[in-house]
1. Relative to the longest principal axis of the chain, what angle (0 to 90°, nearest 10) does the C-alpha long axis of helix 73-83 take?
2. Pairs of alpha-carbon atoms within less than 8 angstrom and 6+ residues apart define the contacts here; what relative contact order does region 3-95 have, in percent?
3. Could you please tell me the mean projected area of the C-alpha convex hull for region 3-95, averaged over all directions and given in square nanometres to one decimal?
4. Per the helix-only calculation at 222 nm, which mean residue ellipticity applies to the chain, given -39500 (n - 2.57) for every DSSP H run of n ≥ 4 and division by its residues, nearest 500 deg cm²/dmol?
5. Top mean-square fluctuation among 69, 49, 23, Gaussian network model of the chain, C-alpha springs under 10 Å?
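None of the figures in this text is laboratory data; all of them are computed from the coordinates on show. Nothing here was measured: the structure is a model prediction, and the numbers come from that model.
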């Protein structure tokens, strides 16, 4: 079994292009520590960013890998920039 998160972000109006630039930087960091970005989409109105990221084969791997990510220099340097794009976020754990 593989654990993943389905995440939905509402991006502030007019900031989707800037968000995508920021997100593409983040992908490399996530994958380096073991969080795989499976796929991502943008809704037609360009207001919602939807993505799936996967972890390991245990639910505990989610917390472990997120702790690693939130401890990276990239996150500490860019947390305010990342959050400034997001009006609302929600996620749920899924598995396959």
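1. The angle comes out near 40 degrees.
2. After rounding, I find 49 percent.
3. 5.6 nm²
4. -13500 deg cm²/dmol
5. In the Gaussian network model the winner is 23.
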